[in-house]
Amino acid sequence: MFKLRLVMLLFLAFNVAKIRNYPMENVGVNSLYPAPQIVPGRPLIVKNYPAVENYQSDLYEVYAEPYSYDVRPLTAIALVQSEGEGSISGEVFFLQRHPPAGPVYVRANITGLSEGRHGVHIHQAGDLREGCVKLGPHFNPFLLQHGGPSDHIRHVGDMGNIEADSDGKAEFNYVDPLMSLSGGPRGIVGRAVVVTENPDDLGRGGTANSLNTGDSGKPLACGIIAYVN
């Protein structure tokens, strides 16, 4: 397996020049596309993160499939609970039908929240021994600025907001194009979902903290993302 992965890395490095010469008008912003003509019989999938002026250059994530990835559908779940005497609980379910590069379907159901919107994020760490406040920053493998789940520029861990009704119940469903359940640079399994006290401003607050955390306040509840079955 080690030799196979080493060959894959060398193969991709050898073809970087070819990828750069691929007509970029065929590349959708923040999308996946097949490029079978680069190496006949060995299709590549390239994911593009566009440049941000005075912040970063273009980023490209390259997959050569099929190789060592398990292409069966993957499911994961985070059981979210508040700390101490809090009454917040619920679950966040993840389904990826076509790993590693396919989108992830996300469904959440949480109770015990105060009425209104609350930020939801995936954080870097999954170690709950010191509680929800020691889980590191938002999961951000490409060092991008904070945004909303539908933004082209965002952390992989940016999930937006969940809105609780007057009974403290909140649900949401959406499809995320960046997360992956199969590991790799965008893998979220083993990390933690965190629900915050305040709404997430999705990076639009005009402050440094907004571009980092969405100014969404302290964590209220959290849970580790783990595979189902």
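The values are calculated or read from the model by the stated rules, or taken from the named source; none is laboratory data. The model shown is predicted, which means the values in this text are computed figures rather than measured ones. Methodologically, a virtual Cβ is constructed for each residue, glycine included, from the backbone with ideal geometry; neighbour enumeration extends over all protein chains shown. Ligands, DNA and RNA are stripped out before the accessible areas are found, and what is left, the full protein with its side chains, is counted by its heavy atoms. Shrake-Rupley method; radii C 1.70, N 1.55, O 1.52, S 1.80 Å.
A few notes on this one:
- Filtering region 185-214 to residues that are assigned to a loop (DSSP other than H, G, I, E, B), among the β-branched types (Val, Ile, Thr) and buried (at least 23 other Cβ atoms within 10 Å of the Cβ) leaves only ILE188.
- Top-ranked residue in region 157-184 [being part of a loop (DSSP other than H, G, I, E, B) and in contact with a strand residue (DSSP E or B) (Cβ under 7 Å, 6 or more places away or on another chain); ranked as most open to solvent (accessible area, probe 1.4 Å)]: LYS169
- Some residue of region 61-68 being in contact with a strand residue (DSSP E or B) (Cβ under 9 Å, 6 or more places away or on another chain) and open to solvent by 70 Å² or more (accessible area, probe 1.4 Å): no
- Test result for SER182, among the polar types (S, T, N, Q), out of contact with any Leu (no Cβ under 7 Å at 6 or more places or on another chain) and assigned by TED's automatic domain parsing to the domain that holds LEU79: no
To keep it simple, each residue is scored yes or no on (1) open to solvent by 70 Å² or more (accessible area, probe 1.4 Å); (2) under 15 Å from the mean Cα position of the chain (by Cα); (3) modelled with pLDDT of 95 or more.
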{"site": "ASP70", "(1), (2), (3)": "no, no, no"}
{"site": "ALA76", "(1), (2), (3)": "no, yes, yes"}
{"site": "ILE110", "(1), (2), (3)": "no, no, yes"}
{"site": "LEU113", "(1), (2), (3)": "no, no, yes"}
{"site": "LYS134", "(1), (2), (3)": "yes, no, no"}
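- In the set (1) assigned to a loop (DSSP other than H, G, I, E, B); (2) of a type in the set (A, V, I, L, M, F, W, C); (3) open to solvent by 70 Å² or more (accessible area, probe 1.4 Å); (4) in contact with a Phe, Trp or Tyr (Cβ under 8 Å, 6 or more places away or on another chain), the condition left unmet by PHE142 is number (3).
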